[in-house]
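**Q** Handing you this structure, nothing more for now.
Laboratory data are not the source of any read-out in this text; all were calculated from the coordinates shown. Keep in mind it's a predicted model, so treat the numbers as computed, not measured. Every residue, glycine among them, receives a Cβ derived from its backbone with ideal geometry; neighbour counts consider all protein chains shown.
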Amino acid sequence: MIERWELGDDGLFEGLTTWAEVVSKSLEDAMSDVRGRFGRNSRRWRWGRVHRLELIHAFGRRRGLAWFFNAPSIKVGGNTDTVLATSQMPGEPFETRLSAPSWRQVIDVGKWDASGGIHVPGQSGQPGSRHYRDLSRRWQTNRQFPLYWSPLEVRRHARTRLVLHPVPTTHATEPGGRT
């Protein structure tokens, strides 16, 4: 389509219209749609007001449980083809319903300890936890946490250490002496 437009090939319209008329009509229709949805004051138009990521938990789909399980929606920028990509369904031009990354990371293979990452909506999958929804704003602005790789940096930034020791198992002997 773009190639035909650039070449001025109006054959697609069988002489009924021109590319200039199609583009003009498309822009008029788009402006009419946006004004109908958001009012005439274009200074108040913001992509993030309509392009939001809904954070719906599997249990939050049940009536009466959404208030507890679902995190608040997040205003997001961009679309399928931009940095910090989020996408929408065809026919639903504003809502983010198709996909968005829950985990983002930037890995610096030349300096591993300079890598970072962020997860949404929070670090915990437990709805009652204070960490269930605590990373949404950081994810929205892509403020990543450091991802330390080297043993030295991991030890230097560790807050606690958990050591797990396996419990020795006793082998029961089957009849006949086999274990």
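**Q** State whether the stretch 42-126 is rounded, prolate or oblate according to the following rule on the C-alpha gyration tensor (a ≥ b ≥ c being the square roots of its eigenvalues): a/c under 1.5 gives rounded; otherwise a/b larger than b/c gives prolate, and the remaining case gives oblate. Show your work: numbers first, answer last.
**A** Values: a/c = 2.27, a/b = 1.22, b/c = 1.86.
Note, shape of the stretch 42-126 comes out oblate.
**Q** Shifting gears a bit: At 222 nm, what value in deg cm²/dmol follows for the chain if DSSP H runs of at least 4 each add -39500 (n - 2.57) and the sum is divided by all its residues, to the nearest 500?
**A** About -6500 deg cm²/dmol.
**Q** So, with +1 on the Cβ of K and R and -1 on the Cβ of D and E, and no other charges, what is the size of the charge dipole of the stretch 46-100 about its Cα centre, to the nearest 20 debye?
**A** Working: 8 positive and 4 negative charges, 57 e Å.
Taking the Cα centre of the stretch 46-100 as origin, the dipole is about 280 debye.
**Q** Of Thr80, Thr169, Thr18, which is the most mobile in a GNM of the chain whose springs link Cα atoms less than 10 angstrom apart?
**A** Fluctuation is largest for Thr169.
**Q** Applying 1/(1 + (r/R0)^6) with R0 = 22 Å to the Cβ-Cβ distance of Trp67 and Glu92, what FRET efficiency is obtained, to the nearest 0.05? Write out the running numbers ahead of the final one.
**A** Numbers: r = 24 Å, r/R0 = 1.10.
Computed FRET efficiency for Trp67 and Glu92: 0.35.
**Q** Can you tell me the orientation of helix 19-38 relative to the chain, as the angle in degrees between its alpha-carbon axis and the longest Cα principal axis, to the nearest 10?
**A** It is inclined by approximately 60 degrees.
**Q** Same structure again: I'd like the per residue volume of the convex hull spanned by the Cα atoms of the chain, given in cubic angstrom.
**A** Values: hull volume 62.4 nm³, N = 179.
Looking at the chain, the number lands at 348 Å³ per residue.
**Q** Related question: Before anything else, pin down the relative contact order of the chain: Cα pairs under 8 Å, at least 6 apart, normalised by residue count, whole percent. Present the calculation step by step, with values, prior to reporting the outcome.
**A** Numbers: 201 pairs, mean separation 20.5, N = 179.
Here the relative contact order equals 11 percent.
**Q** While we're on this one: Please name which of Asn70, Met31, Pro127 has its Cα lying farthest along the dipole of the chain towards the positive end, using unit charges on Cβ (Lys, Arg +1; Asp, Glu -1) and the Cα centre as origin.
**A** Farthest along the dipole direction, towards plus: Pro127.
**Q** With charges set only on the Cβ (+1 for Lys and Arg, -1 for Asp and Glu), what does the dipole of the stretch 101-161 come to about its Cα centre, in debye to the nearest 20?
**A** Numbers: 11 positive and 4 negative charges, 49 e Å.
Using Cβ point charges on Lys, Arg, Asp and Glu, the stretch 101-161 gives about 240 debye.
**Q** For the stretch 101-161, what does the convex hull of the Cα positions come to per residue, in cubic angstrom?
**A** Working: hull volume 5.9 nm³, N = 61.
Spelled out: Cα convex hull of the stretch 101-161, divided by residues, is 96 Å³.
**Q** Using the Cα centre of the chain as the reference point, and only Cβ charges (+1 on K/R, -1 on D/E), how large is the resulting charge dipole? Debye, rounded to the nearest 20.
**A** Working: 27 positive and 18 negative charges, 336 e Å.
My answer is approximately 1620 debye.
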